[in-house]
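Asker: Following this message is one structure expressed as structure tokens.
The values are calculated or read from the model by the stated rules, or taken from the named source; none is laboratory data. Here the structure is a predicted model, which means the values were calculated and not measured. Here Cβ is always computed from backbone atoms with ideal geometry, including for glycine, and neighbour counts include all displayed protein chains. Side chains included, ligands, DNA and RNA excluded: accessible areas come from the protein's heavy atoms. Shrake-Rupley method; radii C 1.70, N 1.55, O 1.52, S 1.80 Å.
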Amino acid sequence: MNEVRQPSSSQSGGRKPTKAQLEKEKKQQEAEEAKKRDLKSLYKQLAKVLHPDLETDPVRKLQKEEWMKRLTTAHASGDLRELLSIEMEWLGVEASNLASATDEKLKVYCTVLKEQIAEIKMQMRFLMDQPQYAVLHRFANGLMGYVPNPAYIKADLRDELSRHQGMLSVLQNGGAERAKMINRWADDHSRTMREDAFSF
């Protein structure tokens, strides 16, 4: 099916695109074309090299059986990304194959890996919404929504504990310091109540 190409941002302004813009557009086009590789031909290619019946080594045979199961499932569901992942794994195991991989293949692998990284980052952003992590909500940054480094949380909790222990010590010792602290708390409470009353 022929797609109607929209004019790029560099073409729509009437100005001649810069070398950097042309290079960026070229890379985007190459990535799109590479991702449109025929799924059927990739499946056939991998099925040839990964077929367990052609393997004599028992350990490698088991590995290829697992790959073939995944390969068949990915082909049936039209999952190009999974096919490419299997191919990457195979290339990684076979160092000689990785060395002979074409630039086009390597670009496809990089594109797939970038997409997977983006998906993982998105999943991490929504981890806090999972019920099992609800206990972490009290540590989350109210504005940004992320949980800060546990070391910072620990330091803040220690500071807070130290402050409360200091106040407890003053209250237990009595005297003028205790009276001063209680008066300050009463003043703070009174001021907060007045501010709340004016805010309505």
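Asker: Taking the Cβ of Asp187 as the centre, find all other residues whose Cβ is under 12 Å away and add up their charges (Lys, Arg: +1; Asp, Glu: -1).
Answerer: Around Asp187, the surrounding residues sum to +3.
Asker: Ordering Leu22, Leu42, Leu136 by how much accessible area each has at a 1.4 Å probe, largest first, what is the list?
Answerer: Most to least solvent-accessible, the answer reads Leu22, Leu136, Leu42.
Asker: Another question about this same structure. What distance in nm lies between label points placed 7 Å from Cα along the C-beta direction at Val170 and Ile153?
Answerer: The two pseudo-label positions are separated by 3.0 nm.
Asker: As a quick test, which of the pairs Lys40/Lys69; Lys64/Lys114; Lys24/Lys114; Lys24/Lys121 have an alpha carbon distance above 18 angstrom in this structure?
Answerer: Cα-Cα > 18 Å for Lys64/Lys114; Lys24/Lys121; rest within.
Asker: Follow-up question, since we're still on this one. Suppose the chain between Arg60 and Leu113 were pulled fully straight at 0.36 nm per residue; how much longer would it get relative to their current alpha carbon spacing?
Answerer: 16.5 nm
Asker: I need the phi-derived Karplus couplings for region 157-165: 6.51 cos²θ - 1.76 cosθ + 1.60, θ = phi - 60°, integer Hz, Gly and Pro marked x.
Answerer: 5, 5, 4, 5, 4, 5, 5, 5, 5
Asker: Please find the FRET efficiency linking Lys16 to Glu89, where r is the Cβ-Cβ separation and R0 is fixed at 41 Å, and quote it to the nearest 0.05.
Answerer: 0.40
Asker: Ok, one more. First measure r as the distance between the Cβ atoms of Ser77 and Lys26, then evaluate 1/(1 + (r/R0)^6) with R0 = 35 Å and state the FRET efficiency to the nearest 0.05.
Answerer: With a Förster radius of 35 Å, E is 0.65.
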